[in-house]
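Q: I'd like to ask you about the structure that follows.
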Protein chains: 6
Amino acid sequence: MTDSASDRRILVINPNSNDAVTRGLEGALAPLARPGFAIDCRTLAEGPFGIQLQADVEQVALPLRDLVRREAADAYVIACYSDPGLHVCREATDRPVLGIAECGILTALARADRFGVIAVASRSIPRHLRALRQMGVSDRLAGERALEMTVAETASGTDTLARMIAVGRDLRDRDGAGVIVMGCAGMAVHRRGLERELGIPVIDPVQAAVAMAIGIVAVA
Amino acid sequence: MTDSASDRRILVINPNSNDAVTRGLEGALAPLARPGFAIDCRTLAEGPFGIQLQADVEQVALPLRDLVRREAADAYVIACYSDPGLHVCREATDRPVLGIAECGILTALARADRFGVIAVASRSIPRHLRALRQMGVSDRLAGERALEMTVAETASGTDTLARMIAVGRDLRDRDGAGVIVMGCAGMAVHRRGLERELGIPVIDPVQAAVAMAIGIVAVA
Amino acid sequence: MTDSASDRRILVINPNSNDAVTRGLEGALAPLARPGFAIDCRTLAEGPFGIQLQADVEQVALPLRDLVRREAADAYVIACYSDPGLHVCREATDRPVLGIAECGILTALARADRFGVIAVASRSIPRHLRALRQMGVSDRLAGERALEMTVAETASGTDTLARMIAVGRDLRDRDGAGVIVMGCAGMAVHRRGLERELGIPVIDPVQAAVAMAIGIVAVA
Amino acid sequence: MTDSASDRRILVINPNSNDAVTRGLEGALAPLARPGFAIDCRTLAEGPFGIQLQADVEQVALPLRDLVRREAADAYVIACYSDPGLHVCREATDRPVLGIAECGILTALARADRFGVIAVASRSIPRHLRALRQMGVSDRLAGERALEMTVAETASGTDTLARMIAVGRDLRDRDGAGVIVMGCAGMAVHRRGLERELGIPVIDPVQAAVAMAIGIVAVA
Amino acid sequence: MTDSASDRRILVINPNSNDAVTRGLEGALAPLARPGFAIDCRTLAEGPFGIQLQADVEQVALPLRDLVRREAADAYVIACYSDPGLHVCREATDRPVLGIAECGILTALARADRFGVIAVASRSIPRHLRALRQMGVSDRLAGERALEMTVAETASGTDTLARMIAVGRDLRDRDGAGVIVMGCAGMAVHRRGLERELGIPVIDPVQAAVAMAIGIVAVA
Amino acid sequence: MTDSASDRRILVINPNSNDAVTRGLEGALAPLARPGFAIDCRTLAEGPFGIQLQADVEQVALPLRDLVRREAADAYVIACYSDPGLHVCREATDRPVLGIAECGILTALARADRFGVIAVASRSIPRHLRALRQMGVSDRLAGERALEMTVAETASGTDTLARMIAVGRDLRDRDGAGVIVMGCAGMAVHRRGLERELGIPVIDPVQAAVAMAIGIVAVA
């Protein structure tokens, strides 16, 4: 995206070092482009190739903070569903810092009574439940179910969408979800296909966070 | 705002019949304008002059639903902090329908740990607390305090901002709020002044809802 | 029921226009009759034939309020499991106004640790869960399951009881319910049969609400 | 109250051995009398003179259970705000057993958004809060405040009503209570005076429980 | 265990009169022995042979209190998963009184995100859920499942461990428990075998409570 | 403490680099010493001099994880009230890893109905409230109040105890706390003085965590 000197800038940081994911974010965010705003997607060079373990989460917290300090922006979005470094980045700047898990879930709460989450792998579920309790919104969770794939498979695998549809149906029909949150930044490309198939809203948390960021910055 | 045939349209409905409030919404939303989107602010002709009682809330529910049915739009925003008719409007359309109380609070949850609400009058507080429990987010409420003014006074009164600052300080210092939600569509003009004075984010719920609506529509 | 001038009066309003339902209420409430009290069951003429959609709920709110204003009574009971117009009616009178969903659930809480709800159709379940969160009693819910019938079928269908028993068993055995709330005013005729079969208390919410109303009025 | 052989019987047990309290219960319950029902108020001979300590609560549990076993009734009401022996009595009979704290609070929940409780002494408050959490209704509590009197003083003291009014005003004005629950069976005589003074509903939990008991038995 | 005059003393009371259970406690607690501390396991002579009903719970409350009063100790542990008499014992002494259900669950909360409970029989589950709500920790419960055995069978039955493993697997795999609490003092002998088989921590609540008691006393 | 080859070892890590704090931990833990166990208190060389900001918390997470990996132990205790690195350390070892905030609060829950927390400075309170929601135990919090001192002042200042007593009285008398948790590892030396003055239990979270660790290891 072109970027003029007077533009207000949303810095979207992909905390993993996989540029393909960053380019995927750019694609997912293209529809949110508007004049006067630069939505810059940036790969965190110091990040691991994927963020799956708690150690990956911890490892990127201070590099994210450093990037936030180093790069001027009107708002920052941390584009990983574990919201790594969210609180330390907030401490480092007066500008808004948004996490995609928080914003994806909050946006889902505006669309239906209870939400379901599609996780990449079940080992992340306790971490996500902990985050939901921390947010104070667990009462709205219909359920969380995992694809049981790796992040890499999720992004590239040809049958990822088929798995997402199967899991989404369980969330909708067994758990009573009225809206689905995709629990990984790398699932963005499947949003429309999944939504069309399920017939209920499907939230890409990166899009949700950037839309909130634009709204906050625009009125500041 | 001009409105071309191919624009996607966000219909923002002021459920009261006070055109001055509607024009105030237009002013508050101007910074959110972007090409390809029409943000239409509309006064509900059938609405009462102000919405203060539960009867006012009930009275506008079906007229709002009728307007939603009659007017094609890509998303609808109900611009009254009581979120009147929210669920019946959702039933009447497949398009997103957002309430400003919900969106204002959800946006606040992305900015700080606990939020405070400035109400116009204390008689609305039980209704607001009921809505917070319904949303399942009460654990994040720091407190709600009232200006003890009428809606009319809030919009016009010269010392409204002074009252809002006093109440906002109590929410911040006594109750521990890290972000403030303005509990009335008519307070929009005071957002910046209040934020500057308090030094913590202040959310105009109409702006918050329209930003979420644009984000949802843009990626649809 | 005969009604002498000095009687205290409980006005039970069936918000739908189906007189057969109103007569069913009279039957269900007959055992609660006592001297000095008139329990008047009234059909809301303006109501739809059944209340299934949110639009039906909204449509009757102000007519209920008007009826409450027009008809003097010592207490009012709104006899529909969606508790339509409850808050606006309370605003219109100093007398107690009780909703059957609230009273049915509250009475269940006095009988066993966790309650189950039999809904007519699953599309009402999100609305009911929303109401439970609003009441602040969700932690006591064992589960809610639907008959997947229309309201009309529920009242007339010969195999309604069989369906209720099957659903009630699931609530008791799979979900751990120790008491059942019948989630529709039209299920009253099946209360005893269901209770006998399940061996746990079954609450008719209309009876529960009128009993509470009598208690409140008697001591006023 | 006279008691014919065919009457259905509500046995109201005062767990303390103070007959004056039992006679007070009879007075408070007189307005609930109806043909075909006997409301029998009984003093638990084995009870202590007042129930203030946890030891008093424990001491009466099994004597209450024994009385429930020994005395046939259609429903039982345990008339002490600590609900002593509630669960063990339920285990001993298939008939409904109601506790006045539970029923008083549940009835309050049908009257206003948040309730306040007047305790006799502050040392009971942790016990009451524990019970509220157990009931799962803490989110509706506005506050609990104590008279700081003994049970004996509460019943006899000439200025008890004045204390209750002062405490009730704090619950209403500082804590936001829309309804008051009197947290002791011995406060019954002050209900009307307190309600008149405060202008919001005041619940006598004994009356609330007996009204619910009559409702349950009448339809059984 | 030998017991010198200057030792600090933890009195562990088995509220049932089954000495075999008491000897089992001694075995389970042997690894916690340390110089300067006497861990005395005592059978409550007045107790029933097993505690399964609410009546059993009530029956031992005051005898436990009397024992606490009679026997000097630096801390008391009530070794029954229903925590009988916990609050009345606390009222009778200034020394710490710990219940094993509370301590077992609290210790589990330090080991994993959500815990599962193995109950002896499903009829205890409502009582346990009530206690969890009272503790305010229900949000961390993954699930509770029953062996459907008697307490006697649990202790002696040769296939108890096999049943526990089957139930533990369901708690881990279906309910998402990351730690298991054994819901009966008599299951202690199976802790290691169960933990080895499940691969997640298994908490013996008696050991948990005595460890906490030693910690409290040691620093007093 | 001497440390024989066969001892089981509890490694207590002070995440800040202030050796005086580490020596303070050793003093506080001396009463928990027992034969066969080595309680090793270790300063994290890479830590900041004090942990007050979120950045301090993040900075020590991976160094703590590395230390856990490098140093064999039977259990690990992270001795900072922000529980830094807790989840990543758990991921790195099969041995128990305990955080002092979690264990201090859990131990408090076994002592009284509601707990109060003494924080060093009010800026930590939102972080602590977030952690309480994550733990799922917020309903037991009476209140948290700050000394408004630096960590350094807390440890050294001669009037720290006086401040703690004043704050503790507010927690006890205004907020209703029945037990106090000291919200900083450096407050340990004041535990007895504070407890004597307040007359309710005061928990040093380091002692609480080590006692739980010993209990877990002893029975492993």
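Q: Only residues that are part of a helix (DSSP H, G or I) and closer than 22 Å to residue C:82 by Cα: list them for the stretch C:178-193, please.
A: Hits for the stretch C:178-193 are C:185, C:186, C:187, C:188, C:189, C:190, C:191.
Q: Right, here's the next one. So is residue C:175 surrounded by fewer than 22 Cβ atoms within 10 Å (Cβ to Cβ), modelled with pLDDT of 95 or more and assigned to a loop (DSSP other than H, G, I, E, B) or not?
A: Spelling it out, residue C:175 is indeed surrounded by fewer than 22 Cβ atoms within 10 Å (Cβ to Cβ), modelled with pLDDT of 95 or more and assigned to a loop (DSSP other than H, G, I, E, B).
Q: Which residue is nearest to the other protein chains (Cβ to nearest Cβ), if the candidates are limited to the stretch D:60-77 and must be buried (at least 23 other Cβ atoms within 10 Å of the Cβ) and of a type outside the set (A, V, I, L, M)?
A: Applying the filter and picking the extreme gives D:65.
Q: Ok, one more. Look at the stretch E:9-21 and say how many of its residues are modelled with pLDDT of 95 or more and not hydrophobic (A, V, I, L, M, F, W, C).
A: Looking only at the stretch E:9-21, we keep the residues that are modelled with pLDDT of 95 or more, and these are E:9-15.
From what's left, not hydrophobic (A, V, I, L, M, F, W, C): E:9, E:14-15.
Matching residues across the stretch E:9-21 total 3.
Q: Restricting to the stretch D:147-160, and then to whatever is buried (at least 18 other Cβ atoms within 10 Å of the Cβ) and not in a loop (DSSP other than H, G, I, E, B), can you tell me which residue is nearest to the other protein chains (Cβ to nearest Cβ)?
A: D:151
Q: While we're here: For the stretch D:127-146, does any single residue satisfy the condition of being within 14 Å of chain C (Cβ to nearest Cβ), of a type in the set (Lys, Arg), over 27 Å from residue C:214 (Cβ atoms) and in a helix (DSSP H, G or I)?
A: Yes: one or more hits.
Q: Filter the stretch A:167-220 for residues that are of a type in the set (Gly, Ala, Ser) and more than 13 Å from chain B (Cβ to nearest Cβ); which is farthest from the chain's Cα centre (by Cα)?
A: Here the answer is A:176.
Q: Have a look at F:83, F:56 and point out the one that is within 14 Å of chain E (Cβ to nearest Cβ) and under 18 Å from the mean Cα position of the chain (by Cα).
A: Working: F:56 fails: within 14 Å of chain E (Cβ to nearest Cβ).
It is F:83.
Q: Further, regarding this structure: Yes or no: the stretch C:113-124 includes at least one residue that is assigned to a helix (DSSP H, G or I), modelled with pLDDT of 95 or more, aliphatic (A, V, I, L, M) and outside the structural domain of residue C:14 (by TED's automatic domain parsing).
A: Among the residues of the stretch C:113-124, not one is assigned to a helix (DSSP H, G or I), modelled with pLDDT of 95 or more, aliphatic (A, V, I, L, M) and outside the structural domain of residue C:14 (by TED's automatic domain parsing), which makes the answer no.
Q: Do you know which of the residues in the stretch B:112-132 that are surrounded by fewer than 22 Cβ atoms within 10 Å (Cβ to Cβ) and among the basic types (Lys, Arg) is nearest to the chain's Cα centre (by Cα)?
A: Selected residue: B:127.
Q: Check residue E:51 against each of (1) within 14 Å of chain A (Cβ to nearest Cβ); (2) aliphatic (A, V, I, L, M); (3) surrounded by 24 or more Cβ atoms within 10 Å (Cβ to Cβ) and name the one condition it does not meet.
A: The one condition residue E:51 does not meet is (1).
Q: Does any residue of the stretch F:10-17 turn out to be more than 26 Å from residue E:212 (Cα to Cα) and away from chain E (no Cβ under 14 Å)?
A: Going residue by residue through the stretch F:10-17, those that are more than 26 Å from residue E:212 (Cα to Cα) are F:16-17.
Restricting the remaining residues to those that are away from chain E (no Cβ under 14 Å) gives F:16-17.
Yes, the stretch F:10-17 has at least one match.
Q: Check the stretch B:89-108 and report whether any residue there is closer than 20 Å to residue D:139 by Cα, surrounded by fewer than 23 Cβ atoms within 10 Å (Cβ to Cβ) and more than 14 Å from chain A (Cβ to nearest Cβ).
A: no
Q: Does residue D:209 meet the test of being small (Gly, Ala, Ser), crowded, with 24+ Cβ neighbours inside 10 Å and touching a Cys at 6+ places or on another chain (Cβ under 8 Å)?
A: yes
The values are calculated or read from the model by the stated rules, or taken from the named source; none is laboratory data. For clarity, every value in this text was computed on a predicted model and none was experimentally measured. Here Cβ is always computed from backbone atoms with ideal geometry, including for glycine, and neighbour counts include all displayed protein chains.
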